[in-house]
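Novice: Just dropping this structure here.
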There are 2 protein chains.
Amino acid sequence: EAMNGAGNLMDFLDEPFPDVGTYEDFHTIDWLREKSRDTDRHRKITSKSKESIWELIKSLLDAWSGWVVMLLIGLLSGTLAGVIDLAVDWMTDLKEGVCLSAFWYSHEQCCWTSNETTFDDRDKCPQWQKWAELMTGHGAGAYVLNYFLYVLWALLFSFLAVSLVRVFAPYACGSGIPEIKTILSGFIIRGYLGKWTLLIKTVTLVLAVSSGLSLGKEGPLVHVACCCGNLFCSLFSKYSKNEGKRREVLSAAAAAGVSVAFGAPIGGVLFSLEEVSYYFPLKTLWRSFFAALVAAFTLRSINPFGNSRLVLFYVEYHTPWYMAELVPFILLGVFGGLWGTLFIRANIAWCRRRKTTQLGKYPVLEVIAVTGITAVLAYPNPYTRRSTSELISELFNDCGALESSQLCDYINNPNMSRPVDDIPDRPAGPGVYNALWQLALALIFKIVITIFTFGMKIPSGLFIPSMAVGAIAGRIVGIAVEQMAYHHHDWIIFKNWCRPGADCVTPGLYAMVGAAACLGGVTRMTVSLVVIMFELTGGLEYIVPLMAAAVTSKWVADAFGKEGIYESHIQLNGYPYLDVRDEFTHRTLATDVMRPRRNDPPLAVLTQDSTTVEDVETLIKDTDYNGFPVVVSRESERLIGFVQRRDLTLAIKNARQKQDGVVSSSVVYFTEDAPQLPASNPQPLKLRRILNLSPFTVTDHTPMETVVDIFRKLGLRQCLVTRSGRLLGIITKKDVLRHMAQMMNQDPESIMFN
Amino acid sequence: EAMNGAGNLMDFLDEPFPDVGTYEDFHTIDWLREKSRDTDRHRKITSKSKESIWELIKSLLDAWSGWVVMLLIGLLSGTLAGVIDLAVDWMTDLKEGVCLSAFWYSHEQCCWTSNETTFDDRDKCPQWQKWAELMTGHGAGAYVLNYFLYVLWALLFSFLAVSLVRVFAPYACGSGIPEIKTILSGFIIRGYLGKWTLLIKTVTLVLAVSSGLSLGKEGPLVHVACCCGNLFCSLFSKYSKNEGKRREVLSAAAAAGVSVAFGAPIGGVLFSLEEVSYYFPLKTLWRSFFAALVAAFTLRSINPFGNSRLVLFYVEYHTPWYMAELVPFILLGVFGGLWGTLFIRANIAWCRRRKTTQLGKYPVLEVIAVTGITAVLAYPNPYTRRSTSELISELFNDCGALESSQLCDYINNPNMSRPVDDIPDRPAGPGVYNALWQLALALIFKIVITIFTFGMKIPSGLFIPSMAVGAIAGRIVGIAVEQMAYHHHDWIIFKNWCRPGADCVTPGLYAMVGAAACLGGVTRMTVSLVVIMFELTGGLEYIVPLMAAAVTSKWVADAFGKEGIYESHIQLNGYPYLDVRDEFTHRTLATDVMRPRRNDPPLAVLTQDSTTVEDVETLIKDTDYNGFPVVVSRESERLIGFVQRRDLTLAIKNARQKQDGVVSSSVVYFTEDAPQLPASNPQPLKLRRILNLSPFTVTDHTPMETVVDIFRKLGLRQCLVTRSGRLLGIITKKDVLRHMAQMMNQDPESIMFN
């Protein structure tokens, strides 16, 4: 029978040792080992399935469990997203007033049921009462009272959110995407995707968004979906007992999360592929797509937006774009890139300050303060008072004939009666100019407050605030171009494509392009960004403007620093994340990186047949290495395998308890056969079965770029370094990360794991 | 200075040795080495760029060359696709008649310029004359004459096509996708993507499609786009001199090819990712998307379909689908899976017959015979006479009020006057029943003839015939369901969703679902298939039916064999392709696969300081290995490096010519310093610089599943096997493939490389 490392491990696992083959918290998994274990499991089930009908059914169930998990993830994350949407709607409106007919109705729902059916009156139905009206009637102090209550509600919501997070689930704060990226790359953070985190994140996300802070629900929804994924993993031992397989499910869950956040299933899959996942086998691609679709359709059947649309911002434009418009689009791209750079630098500086100074000690106070400032400053301006997604939605929309928004206050030509969806460019009325001022103020406000908001100890996503900044800037540019084109038809730049009376410029498209540019600048998404935007508009028509802005934004932002906000936060938190995109271009060799260094004590190794149990225990006590190479003898330094610290500890503990005659002076044998010893000698301890006989090795002359590549592609934990067959040293993933930081002139110790 | 294997190689490359670091035809590239070389090149350019402005500009150009290549690929492949579309249109119609106003007009173009503008007359404009009308007037024998000329033109076209392929570019035949998959996985086939292939494939593709054979242009368009990619690679040494980087460009070109074939840029990128590419870094994803978009928009500006639509089959449905319809959709999925299995088995059996019997010696005759049969059988049936893409387009379309097609011959209720796009279900008229018969015959005909057509020595794609089979089956099922629903409103299965007078069933949607199922069954595409179909319809509405059919079809087909048509053809041709999707689940170890085997002569190795030039030359002459391990000494068997046969040959040849004192008895040194020898001894030959000091090693106990994984993920050519630091043997990519074949109970020698 063929015996191998993984096989041995499995034989070993059959014995009732708890926790063998698992990992400790904050450790890195070994992808090759996980894969190997899964293949073994699969092999066992396949061979058993021929034995009986029952085993066959079990094997079929096992084969289908992947699809079942995907279905469940889709259903639950779609449902949660729907519930969150509904709750946010209601609670956001609760800050301003209440529905008399049923207090659990949001403003919009309240007025649906009302009898006023004309468009203009829909917002002013009698059932919906602002707080001041309800309490004092239409008095002079009504505005002040409403203002006061708005701030009060906001403070209440955010206080609740931050308290819940602090008390029940500290991992529920932030967007979660940096941590999910790290987890998917093979790191273990226990509890990060747990049930409590799921529950608390869902509740506090509603509170945080409703409080009116400058944050979105998209990033946290990815975290929520991943928690769902983790939850359902525990139903099937195939996934719960294998950290590698579990991560496949989590990749798909991330796709489902984005899918429900934007109603963009294809964009979600590409986001998972491009942005968060590390290993993404093709099988996962297909399943992710399935999960994303199920999630999207579940959300649609809940229909939280009341329009049976799948997408968050549904838009339909009626005019094409013109080549000359690429200039403002590219300018918006530049703006997006600059905003991305500014935001990342300022936010990271502020977060670092929070970590290192007294500030970090008062998270509740910080949240309360920022909420207070946000609410006080936001209320007077109608564009910041409403929820950010409503704002974006309005900015994206083209002005139809029936539009009552201030932004659509154009001066109509009374002689013209055109169909609703083909309105020519018109001069802007006073409302538009007024709106422009308010938008400009809103832009500055959003830019500043978002920097301080992202990173606080509440759930906070970055997509919506980034898009809002871009949409405001884009709409301003769009109106400017539109008015220029209207008033200066004869300018050479407009002459060719914009005749008087034609509908040339769509300001809403500019808002959308600006939103894409800003989102791209902050997150450095590329294809997924364009695809999400494409799914929002539902046509290839506007993909070129979006692409132009996204490409420009990425180039501009990359010129100032390659890292997006998520990578920056990963680095700030010192997670051991080996970015797939970082190119390692230095000419160092494995020998420069491996431990022990020149003046260090020699490498801690075990010998195959001359170490005693006591030696091993001393070694385990004196060092904190995660594993030890096993060599033939200290003189020859010929490597025969690698043994995990955890497995070694457990095996010795177990042997001491259960195996007679194993004492401190027993010799540990890693060889195939232990020699027959006289009965007087202590019983030998055979440990070949926990020995990994196929440790990964490279020679000392291997260029580090190759080593980095191997670590990335194979997902190694450690790699042994040899020269002409002799063991020289060891390189762990953390050594690689330290070395990379050093090469980028960063102090490796200060940035890692702090 | 840090010295390493790759660095040494580069120093060596600076010397005027031609061809060092390149590969021979039909060899496998070493991805790690290519990557290492590119990093070195990049490092050199970056360090030089600080020296002068000119170097800085050169480095910027180098950084931008990737985007330039993508732009050029997009432009050229879009243009070629447009030209091919136009030429196919014209030549397909030429088989039936000619335009009198301008002979280079196709039927449709001819009638555009005519004055008859009503819908019905558009097909019967006076300028367009059938051949018989032109020659003899409307006589009784006109049908026979038209028939005869149709067959004659078809024979002429296919004869021209097969002759051109045979004489000028034998690689231009087939769909090209199996070969491109193999090339992208790292195999070298010189000339396969050459200029001649590009030219001849473009011309013969037009001829083959026009001849009316049951083949499509989609697969060959991918080949054409890859030829364009290869062409533009030669403009930039970054790509032309690095086989790894070249493959990145080719992956993007494949995406552009699918993008123009279907007008589906996102689907194209996913197709490239899922179906053809091997290594697909994220950078490539973004660039592929760019190339695919440029190609799609170039094609659109050429506007070959005359409808300014990007997509090949644009459809718009007006009714939703209902849950109960999932049953027929899933049945269509089953049909698709069965068709896929049948087609693959029958086609492979026929192709194997062609390879092994006399049949293969008369490719021209074969093409002529199949064309003759196709033309003779196709003409009488209106659904097979027209081009396959027109047929699919008609089958996909919903019957509007103005539709003149036979398929839309429903009995209208005269009392009803509904808007055009909301026609209720109606009883079928005699035309529909007639059409059903003809469609059934067309289905059988297409199924049989496609099996014999695919694999002949002309360019032939499989997408269109597969989709046609599915679309016919789907339309038949769709009409059946529609009529059942109309005549049996009261049946329990229809009761809930189909009231009398409602428009419940869209037969066109069934055709589309059937097409997706059949395409999926043959190619085993998953996400890319659904996304392409989604881009055709442009709405998420119908993604669930498509997904249901695609999933079912894949499951059914996979139950009969995991391999799609492309993988089957790769295996038939014996290309060394290591499929990313095949899971290796056997419990063999590296030691079972490595060479030498138990009774073989020992491994051919070189020693680091005791081999003479003559010994090396003898070894090169006596063996045909691609490289040799270098060990410290034969006794210790400690590995120090690996040297490529090609580099060794070139180095010795060069030394003998240029270096004084190197004779047969000179000792070859792979050590860092050659010892100082007395002048009487022959001059030593130092070859450390061609020695790869970081060869890849695994231990003999490594499970083969891990070895396979390493070969796949790192793209290795070979891997050395050691046990406790001693060199035991070597595993090459071909050994791995042989072993995998053996494990699947196939005779490894009979299937490989024949």
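The values are calculated or read from the model by the stated rules, or taken from the named source; none is laboratory data. Worth saying up front: this structure is predicted, and the values here are computed from it rather than measured. Ideal geometry is used to build each Cβ from the backbone, glycine not excepted, and the neighbour counts take in all protein chains shown. Accessible surface areas use protein heavy atoms only, side chains included; no ligands, DNA or RNA. Shrake-Rupley method; radii C 1.70, N 1.55, O 1.52, S 1.80 Å.
Novice: Working carefully through the options B:Gln608, B:Gln657, find the one that is more than 30 Å from B:Thr341 (Cα to Cα), more than 41 Å from the chain's Cα centre (by Cα) and buried (at least 21 other Cβ atoms within 10 Å of the Cβ). Give the derivation first.
Specialist: Numbers: B:Gln657 fails: buried (at least 21 other Cβ atoms within 10 Å of the Cβ).
It is B:Gln608.
Novice: Checking B:Thr671 against (1) open to solvent by less than 10 Å² (accessible area, probe 1.4 Å); (2) within 14 Å of chain A (Cβ to nearest Cβ), only one condition comes out false. Which one?
Specialist: Only one criterion is unmet by B:Thr671, namely (1).
Novice: Is there any pair linking a residue in the range A:240-259 that is under 13 Å from A:Ile29 (Cβ atoms) to one that is small (Gly, Ala, Ser) and buried (at least 24 other Cβ atoms within 10 Å of the Cβ), with Cβ under 7 Å and at least six apart or on different chains, and which?
Specialist: A:Leu250/A:Gly229
Novice: Separate question: Using the structure shown, decide if B:Thr79 is modelled with pLDDT of 90 or more and open to solvent by 20 Å² or more (accessible area, probe 1.4 Å). Explain how you work it out, then say what you get.
Specialist: Details: modelled with pLDDT of 90 or more: yes; open to solvent by 20 Å² or more (accessible area, probe 1.4 Å): yes.
Answer is yes for this residue.
Novice: Hey, among B:Ile344, B:Ile373, which residue is open to solvent by 10 Å² or more (accessible area, probe 1.4 Å) and under 26 Å from the mean Cα position of the chain (by Cα)? Working first, answer last.
Specialist: Values: B:Ile373 fails: under 26 Å from the mean Cα position of the chain (by Cα).
The match here is B:Ile344.
Novice: Let me spell it out: the conditions are (1) over 25 Å from the mean Cα position of the chain (by Cα); (2) in a helix (DSSP H, G or I), and A:Gly514 meets all of them except one. Which number is the exception?
Specialist: Of the numbered conditions (1) over 25 Å from the mean Cα position of the chain (by Cα); (2) in a helix (DSSP H, G or I), the odd one out for A:Gly514 is (1).
Novice: Quick check on B:Glu635: is it in the same structural domain as B:Leu727 (by the TED database), open to solvent by 40 Å² or more (accessible area, probe 1.4 Å) and modelled with pLDDT of 85 or more? Break it down into steps so the answer makes sense when it comes.
Specialist: Details: in the same structural domain as B:Leu727 (by the TED database): yes; open to solvent by 40 Å² or more (accessible area, probe 1.4 Å): yes; modelled with pLDDT of 85 or more: yes.
Yes.
Novice: Quick check: anything in the range A:65-79 within 12 Å of chain B (Cβ to nearest Cβ) and more than 30 Å from A:Ala208 (Cα to Cα)?
Specialist: Within the range A:65-79, one or more residues are within 12 Å of chain B (Cβ to nearest Cβ) and more than 30 Å from A:Ala208 (Cα to Cα).
Novice: Please go through the range A:236-270 and pick out each residue that is under 16 Å from A:Gly78 (Cβ atoms) and touching a Leu at 6+ places or on another chain (Cβ under 6 Å).
Specialist: Hits for the range A:236-270 are A:Gly257, A:Val260, A:Ala261, A:Phe262, A:Gly263, A:Pro265.
Novice: Can you confirm whether the range B:494-506 contains a residue that is part of a helix (DSSP H, G or I) and without any contact (Cβ under 8 Å) to a residue 12 or more places away in the chain? Even if it seems obvious, please write down each step before you answer.
Specialist: Of the range B:494-506, the ones part of a helix (DSSP H, G or I) are B:494-495.
Adding the requirement that they be without any contact (Cβ under 8 Å) to a residue 12 or more places away in the chain leaves B:495.
Yes, some residue in the range B:494-506 is part of a helix (DSSP H, G or I) and without any contact (Cβ under 8 Å) to a residue 12 or more places away in the chain.
Novice: Give the residues of the range B:690-722 that are over 29 Å from B:Ile652 (Cβ atoms) and more than 8 Å from every other protein chain (Cβ to nearest Cβ), sorted by residue number. Outline the logic, then answer.
Specialist: Taking the range B:690-722 and keeping what is over 29 Å from B:Ile652 (Cβ atoms), we get B:698-714.
Hits for the range B:690-722 are B:Asp700, B:Met704, B:Val707, B:Val708, B:Phe711, B:Arg712.
Novice: When you scan the range A:245-260, how many residues do you find that are within 14 Å of another protein chain (Cβ to nearest Cβ) and open to solvent by less than 10 Å² (accessible area, probe 1.4 Å)? It would help to see each step written out before you state the result.
Specialist: Residues of the range A:245-260 that are within 14 Å of another protein chain (Cβ to nearest Cβ), as a first pass: A:245, A:248, A:251-252, A:255, A:259-260.
Narrowing further to those that are open to solvent by less than 10 Å² (accessible area, probe 1.4 Å): A:251-252, A:255, A:259-260.
Matching residues across the range A:245-260 total 5.
Novice: (1) loosely packed, with under 13 Cβ neighbours inside 10 Å; (2) within 14 Å of chain A (Cβ to nearest Cβ): which one isn't true of B:Ala590, the others all being true?
Specialist: (1)
Novice: So for the range A:208-215 (the condition being open to solvent by 10 Å² or more (accessible area, probe 1.4 Å), hydroxyl-bearing (Ser, Thr, Tyr) and assigned to a helix (DSSP H, G or I)), does at least one residue qualify?
Specialist: No, that holds for no residue.
Novice: Would you confirm whether any residue within the range B:508-528 is of a type in the set (Phe, Trp, Tyr), away from chain A (no Cβ under 14 Å) and at negative phi? Give the steps one after another, and end with the answer.
Specialist: Our first condition is that a residue be of a type in the set (Phe, Trp, Tyr); within the range B:508-528, this holds for B:510.
The next check asks that each one be away from chain A (no Cβ under 14 Å); those that pass are B:510.
Still in the list and also at negative phi: B:510.
Scanning the range B:508-528, I find at least one residue that is of a type in the set (Phe, Trp, Tyr), away from chain A (no Cβ under 14 Å) and at negative phi, so the answer is yes.
Novice: Also, I was wondering about something else. Restrict the check to the range A:431-451 and report whether at least one residue is at pLDDT below 90, over 25 Å from A:Leu331 (Cβ atoms), assigned by the TED database to the domain that holds A:Leu338 and buried (at least 20 other Cβ atoms within 10 Å of the Cβ).
Specialist: no
Novice: Another question, then. Being touching a residue at least 60 places away in the same chain (Cβ under 8 Å), out of contact with any Cys (no Cβ under 8 Å at 6 or more places or on another chain) and closer than 19 Å to A:Gly627 by Cβ, is that true of even one residue in the range A:701-712?
Specialist: no
Yes/no matrix, rows are residues, columns are (1) at pLDDT below 90; (2) open to solvent by 10 Å² or more (accessible area, probe 1.4 Å); (3) outside the structural domain of B:Cys226 (by the TED database):
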site: B:Phe262; (1), (2), (3): yes, no, no
site: B:Val269; (1), (2), (3): no, no, no
site: B:Tyr278; (1), (2), (3): yes, yes, no
site: B:Leu282; (1), (2), (3): yes, yes, no
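Novice: Here is a further query. Looking at the structure I just gave you, is A:Trp67 in a helix (DSSP H, G or I) and open to solvent by less than 50 Å² (accessible area, probe 1.4 Å)?
Specialist: Details: in a helix (DSSP H, G or I): yes; open to solvent by less than 50 Å² (accessible area, probe 1.4 Å): yes.
Against the criterion (in a helix (DSSP H, G or I) and open to solvent by less than 50 Å² (accessible area, probe 1.4 Å)), A:Trp67 qualifies.
Novice: So, one more: Give me the residue from the range B:553-580 that is aromatic (Phe, Trp, Tyr) and in contact with a helix residue (DSSP H, G or I) (Cβ under 6 Å, 6 or more places away or on another chain) and, out of that set, least open to solvent (accessible area, probe 1.4 Å). Step through it out loud before you land on a result.
Specialist: Applying the first criterion (aromatic (Phe, Trp, Tyr)) to the range B:553-580 yields B:555, B:560, B:566, B:575, B:577.
Still in the list and also in contact with a helix residue (DSSP H, G or I) (Cβ under 6 Å, 6 or more places away or on another chain): B:560, B:566, B:575, B:577.
Values: B:Phe560: 103, B:Tyr566: 2, B:Tyr575: 48, B:Tyr577: 23 Å².
Looking at residues that are aromatic (Phe, Trp, Tyr) and in contact with a helix residue (DSSP H, G or I) (Cβ under 6 Å, 6 or more places away or on another chain), I get B:Tyr566.
Novice: What's the number of the condition B:Thr202 fails, among (1) in a helix (DSSP H, G or I); (2) open to solvent by less than 10 Å² (accessible area, probe 1.4 Å)?
Specialist: It fails just one condition, (2).
Novice: Something else now. For the subset of the range B:160-181 comprising residues that are surrounded by 24 or more Cβ atoms within 10 Å (Cβ to Cβ) and assigned to a helix (DSSP H, G or I), which member is nearest to the chain's Cα centre (by Cα)?
Specialist: So the first thing to find is which residues in the range B:160-181 are surrounded by 24 or more Cβ atoms within 10 Å (Cβ to Cβ), and the list is B:161-162, B:165, B:172-177, B:180.
From the residues that got through so far, the ones that are assigned to a helix (DSSP H, G or I) too are B:161-162, B:165, B:172, B:177, B:180.
Numbers: B:Ala161: 20, B:Val162: 20, B:Val165: 19, B:Ala172: 13, B:Ile177: 2, B:Ile180: 6 Å.
Looking at the filtered set, the residue picked out is B:Ile177.
Novice: Here is a list: A:Leu235, A:Leu207. Which entry is in contact with a Phe, Trp or Tyr (Cβ under 8 Å, 6 or more places away or on another chain) and in contact (Cβ under 8 Å) with a residue 40 or more places away in the chain? Before the answer, list the steps.
Specialist: Numbers: A:Leu235 fails: in contact with a Phe, Trp or Tyr (Cβ under 8 Å, 6 or more places away or on another chain).
Just one listed residue meets the conditions, A:Leu207.
Novice: Is it the case, given these coordinates, that A:Ser237 is open to solvent by 10 Å² or more (accessible area, probe 1.4 Å) and under 24 Å from A:Glu24 (Cβ atoms)? Spell out how you get there, then give the answer.
Specialist: Working: open to solvent by 10 Å² or more (accessible area, probe 1.4 Å): yes; under 24 Å from A:Glu24 (Cβ atoms): yes.
Criteria met by A:Ser237.
Novice: For the list (1) open to solvent by 70 Å² or more (accessible area, probe 1.4 Å); (2) over 30 Å from B:Ile344 (Cβ atoms); (3) within 14 Å of another protein chain (Cβ to nearest Cβ), I need the number of the one condition that B:Glu583 fails.
Specialist: So the condition that B:Glu583 fails would be (2).
Novice: Just one of (1) over 24 Å from A:Thr202 (Cα atoms); (2) of a type outside the set (Val, Ile, Thr); (3) more than 14 Å from chain B (Cβ to nearest Cβ) trips up A:Asn303, so point out which.
Specialist: (1)
Novice: Looking only at the range B:263-273, decide whether some residue is over 26 Å from B:Ala511 (Cα atoms), hydrophobic (A, V, I, L, M, F, W, C) and at the interface with chain A (Cβ under 10 Å from one of its Cβ atoms).
Specialist: So the first thing to find is which residues in the range B:263-273 are over 26 Å from B:Ala511 (Cα atoms), and the list is B:273.
Still in the running and hydrophobic (A, V, I, L, M, F, W, C): B:273.
Within this subset, residues satisfying the condition of being at the interface with chain A (Cβ under 10 Å from one of its Cβ atoms) are B:273.
Yes, because at least one residue in the range B:263-273 is over 26 Å from B:Ala511 (Cα atoms), hydrophobic (A, V, I, L, M, F, W, C) and at the interface with chain A (Cβ under 10 Å from one of its Cβ atoms).
Table: residues versus (1) assigned to a loop (DSSP other than H, G, I, E, B); (2) outside the structural domain of A:Leu156 (by the TED database); (3) more than 22 Å from A:Lys217 (Cβ to Cβ); (4) modelled with pLDDT under 90.
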position: A:Cys351; (1), (2), (3), (4): no, yes, no, no
position: A:Gly360; (1), (2), (3), (4): no, yes, yes, yes
position: A:Val364; (1), (2), (3), (4): no, yes, no, no
position: A:Ile373; (1), (2), (3), (4): no, yes, no, no
position: A:Ser393; (1), (2), (3), (4): no, yes, no, yes
position: A:Asp398; (1), (2), (3), (4): yes, yes, yes, yes
position: A:Ala401; (1), (2), (3), (4): yes, yes, yes, yes
